[in-house]
Structures are given as structure tokens and as C-alpha cells.
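**Student:** Attaching a single structure in C-alpha cells format; questions to follow.
The values are calculated or read from the model by the stated rules, or taken from the named source; none is laboratory data. All values reported here derive from a predicted model rather than from experimental measurement. Here Cβ is always computed from backbone atoms with ideal geometry, including for glycine, and neighbour counts include all displayed protein chains. With ligands, DNA and RNA removed, areas are computed over all heavy atoms of the protein, side chains included. Shrake-Rupley method; radii C 1.70, N 1.55, O 1.52, S 1.80 Å.
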Amino acid sequence: MRLLNKEEKELCKRILEGDGNNNFIGNLLYSKLSGVTISVTRETQEVKVLIDRKSDDPSEVLKNDMPRIKEITVLLLNVVNLIKLLEKENYIMLLQVSSTPSNKTTTFGQGIADSVKTCMEFPDPAISELLIEYVDKEIFVTEEFRQFCANKYISRDEQRFRKQISKTNFALSLTIIALFINTSLSVFPLLTGKEKNRRVQTDSLKLELEQIKSLIENFKKQSNQNAVKLSEELTKLDATRTNYKAKE
């Protein structure tokens, strides 16, 4: 689901508020169509935008009516594409409430019936076809659409994506902080001179350990030598005793 523009969000709000109360395109756009009539003819597949003309002066028509027609054209484009998107996402359901003759022309808006009008046929046939398809269908919203509006028009997929991005950024921030702390702990002692003292102490400790190890090795060696001498003396003593007994 793509992100919606301001106009589309406003239309979504109107769709939600009008649910179950003749929620047709004509009603959704009514407040936007002051002095405007939209004419939809199925048989000829024509959509016309009619502006109540306030002057017959061609320059006034060009100055006032043509920009208004362009504005209404963009409005119709937005509403038709929005309805198509919402239906695709299963946010709304469209119901044909009555059969409409193929030759019937449907009109909606706030234009004055008998006034002289500036008329322009809608330029995009694809949008005209969609408008003809939707104009007589009532719009019903789903619970998913209610949640969508309640979440500020952000879809669940988009919410999950944003949460994942947020978690990723948080984890990345923690990693950067940890790296900074680790680097600081390594660099700070070097800057303060403590690292040098620590190395001196470590080297001194190593030397003392080597000396203790050497003493232990010497002690073992001396103990072994003493044990050998003691064994030799005991052997000699046993031999003397044996000889003495033999003489007796």
C-alpha cells in the first residue's frame, strides 16, 4: 500500500464518515463541486466536466473556468485511483445497488441546471471508464479500513516496515556506542600514561614469575639429586648390614 497524499487522506476520512449513508462518489465530492456538474454517459463512454459560466467574455472564460476545470479533473483522477487502490487492498467493497440502463446519463455536483456552461470532456479514457464503473456503486468500508484510518492512513505492512527500520537503527546505535566506549577505554590509558605503567607492572610481574619458576625448577632438581644420594647411601647401608650378619 503506497503512502497517500493530503487530498487522498481527506477522501478516506469522508469515505469512513459516509459509510452506510449513501456513500457514492457524488456524495463524497459534493462539497468540492460548487458551480460544477459532472456528467457520466455509459452508452458513449463519456465523462464531461461542466462549469457554470459567469461571463460570456472569452478572456474571462479562459481566466476563470479553465483553471477550475483542471482542478476538478485532478480531483476526479484522485478519487477514482483511490477507490481502485482501496478496493484492491480489500479496504472497501463496492455494491451495485440498482441496475442502471446503458443509455442513462448520471450527473452529480452543485451546478445550476439551466445556466450557460463551459464544458470539457474528460481527457483520459481509462479514468473515464473507471468513473463510469464506480459512479452508481455504493462504497462500504471494512474493519481493516477503519484500522487504516485510525493509524493515520499507514498500512500494517508500512507500520511493520517502520518498526523494523526503527529496531535496526536502535541496534546500530547501540553498536556504535559500544564501539565508541571500547575505543575510548583502549585509547584513554594511552593518553593518560597509565598504559605505560600497566605494561611496566606486567613486565615486572612476568619477570618475577619467571624467577619463581626457575627457583621451583632448581628446587626440584636439587630434591632429585638428594633423593638419588639418599638412595645410594641406603643401598650401601643395606650392603654393610648384610656383610656384618654374614660374618656373625
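**Student:** Scan region 35-80 residue by residue and report those that are free of Cβ contacts under 8 Å to residues at least 24 places away in the same chain and part of a helix (DSSP H, G or I).
**Tutor:** P58, S59, E60, L62, K63, N64, P67, K70, E71, V74
**Student:** Output the residues belonging to region 1-34 that are more than 17 Å from L77 (Cα to Cα) and open to solvent by less than 20 Å² (accessible area, probe 1.4 Å). Outline the logic, then answer.
**Tutor:** So the first thing to find is which residues in region 1-34 are more than 17 Å from L77 (Cα to Cα), and the list is 1, 13, 16-23, 34.
If the condition is that a residue be more than 17 Å from L77 (Cα to Cα) and open to solvent by less than 20 Å² (accessible area, probe 1.4 Å), then G18, N23 are the ones that fit.
**Student:** Right, another one. I'd like to check which helices (runs of 4 or more DSSP H) are fully inside region 107-208 and have at least 2 residues that are more than 30 Å from L16 (Cβ to Cβ) and modelled with pLDDT of 75 or more.
**Tutor:** Once the helices (runs of 4 or more DSSP H) in region 107-208 are filtered for at least 2 residues that are more than 30 Å from L16 (Cβ to Cβ) and modelled with pLDDT of 75 or more, what remains is 156-192.
**Student:** Give region 137-148 a look and list any residue that's open to solvent by 30 Å² or more (accessible area, probe 1.4 Å) and under 13 Å from I83 (Cα atoms), or say none.
**Tutor:** Of the residues in region 137-148, the ones open to solvent by 30 Å² or more (accessible area, probe 1.4 Å) are 137, 140, 143-144, 146-147.
Of everything in region 137-148, those that are open to solvent by 30 Å² or more (accessible area, probe 1.4 Å) and under 13 Å from I83 (Cα atoms) turn out to be K137, F140.
**Student:** Still on this structure, please answer the following. From the set of residues in region 53-92 that are at pLDDT below 90 and aliphatic (A, V, I, L, M), which is nearest to V40 (Cα to Cα)?
**Tutor:** I69
**Student:** Give the residue that is least open to solvent (accessible area, probe 1.4 Å), with candidates limited to residues of region 105-133 that are of a type in the set (D, E, K, R) and out of contact with any strand residue (DSSP E or B) (no Cβ under 8 Å at 6 or more places or on another chain).
**Tutor:** Among them, the one singled out is D124.
**Student:** Give just the number: which of (1) over 30 Å from the mean Cα position of the chain (by Cα); (2) open to solvent by less than 70 Å² (accessible area, probe 1.4 Å); (3) closer than 18 Å to L130 by Cβ does V61 not satisfy?
**Tutor:** It is condition (3) that V61 fails.
**Student:** Please list, ordered by first then second residue, the pairs with beta carbon atoms under 8 Å, 6 or more apart or interchain, first in region 141-154 and among the charged types (D, E, K, R), second assigned to a helix (DSSP H, G or I).
**Tutor:** R146/L16
**Student:** Filtering region 82-104 down to residues that are in a strand (DSSP E or B), free of Cβ contacts under 8 Å to residues at least 60 places away in the same chain and under 13 Å from N23 (Cβ atoms), which residue is least open to solvent (accessible area, probe 1.4 Å)?
**Tutor:** L94
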